[in-house]
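Down below is the structure, laid out as structure tokens.
The values are calculated or read from the model by the stated rules, or taken from the named source; none is laboratory data. Everything numeric in this text was worked out from a predicted model, so none of it was measured. Ideal geometry is used to build each Cβ from the backbone, glycine not excepted, and the neighbour counts take in all protein chains shown. Calculation scope for accessible area: heavy atoms of the full protein, side chains included, ligands and nucleic acids excluded. Shrake-Rupley method; radii C 1.70, N 1.55, O 1.52, S 1.80 Å.
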Amino acid sequence: MYPPAVPHTVVDHEQHAHRRRDPHHPLPHSTPLHPSPLHPTNAPITNSTTDLYRDITDLAHDAPHWLRSLADIGTEGGLLLLMALAVAAWWRARRGSAHRVALALLAPIATAAAYLLSEIIKSAVHEERPCRAVAGAAASLIPCPPHGDWSFPSNHSTIAAALAVGIAATWRTALWLALPIALLTGFSRIFVGVHYPHDVAAGLILGATAAALCTALLSRPTTRLVHHLRASNRKWQSLVQP
């Protein structure tokens, strides 16, 4: 007498569960490998950017202690350096044309607009931080941000790129200093383990694009405002000329 046949669907479910438990067994083609970026998701990302994240964080743990400390400081220090450059660019622009002063004044406004846009995207995407979501990755060099402080895009990268664009628009030669600082600031967020590479890339693109658009749209009215302030005797005059 033959044993009762096991329903085909039960076998399929058991095999599928076994495949989920075994990371070396390939997933069936019907299983989505990439969560849609258009919908909020807390699921871990399983694609090439995760492998790159693991490689960079492994490199970070093998790096000398002084380099790890420098990366930790650099995640915030890079933004402070860019802010200092933006202030220097404004101070220098006060001796130039009204248009140049307008560009300098728009740098913090454009940066704030880019940051606000990145926060809106974060609240829509809900991507979990890699230091919490990526299995088998090295521990982050700094504390992992709490759940709800989403990963995509990187705010630090967004702010860094927006500031770099504002600085370059006002003081062209400073781009050779601002651009490396912005890129290193973004990379440091991967290096310390709190962002995926695509978070940083998206933040850099978003910050640069938003700042460029904001500057292009507001440069004319801001230039007229600078002309008005220079012609007045108000206390705000010091903002637009020495």
### Query
In nm, what is the difference between 0.36 nm times the number of residues separating His228 and Ala112 and their Cα-Cα distance?
39.3 nm
### Summary
Length gained if Ile205 through Leu70 is fully extended, taking 0.36 nm per residue and subtracting the Cα-Cα distance, is 46.1 nm
### Query
Exactly which trypsin sites (Lys or Arg not before Pro) in region 172-242 are in a DSSP loop and have at most 16 other Cβ atoms within 10 Å?
Arg234
### Message
On a 1.4 Å probe surface of the protein chains, which of Phe152, Phe191 comes out largest in accessible area, and what is the full order?
### Response
Phe152, Phe191
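Please work out the FRET efficiency for the pair His99 and Ala124, using the Cβ-Cβ distance as r and a Förster radius of 41 Å; give the result to the nearest 0.05. Don't jump to the answer; show the numbers that get you there.
Values: r = 36 Å, r/R0 = 0.88.
Efficiency at R0 = 41 Å is approximately 0.70.
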## Note on the structure
Stretched fully, the stretch from Ala135 through Ala88 gains (0.36 nm per residue minus C-alpha distance, one decimal, in nm) 12.5 nm
### Task
Mind giving me the nanometre distance, one decimal, between the label points for Arg172 and Leu239, set 7 Å out from Cα along Cα→Cβ?
2.8
### Query
Leu177 accessible area, nearest 10 Å², 1.4 Å probe?
100
## Note on the structure
region 90-160 -> Rg/Rh from Cα coords, Kirkwood Rh, value 1.21
#### Entry: For region 116-242, the Rg and Dmax computed from alpha carbons only, in angstrom
18.5, 64
### Message
Quick check on packing: order 59-67, 118-126, 139-147 by the mean number of other C-beta atoms within 10 Å, highest mean leading.
### Response
118-126, 139-147, 59-67
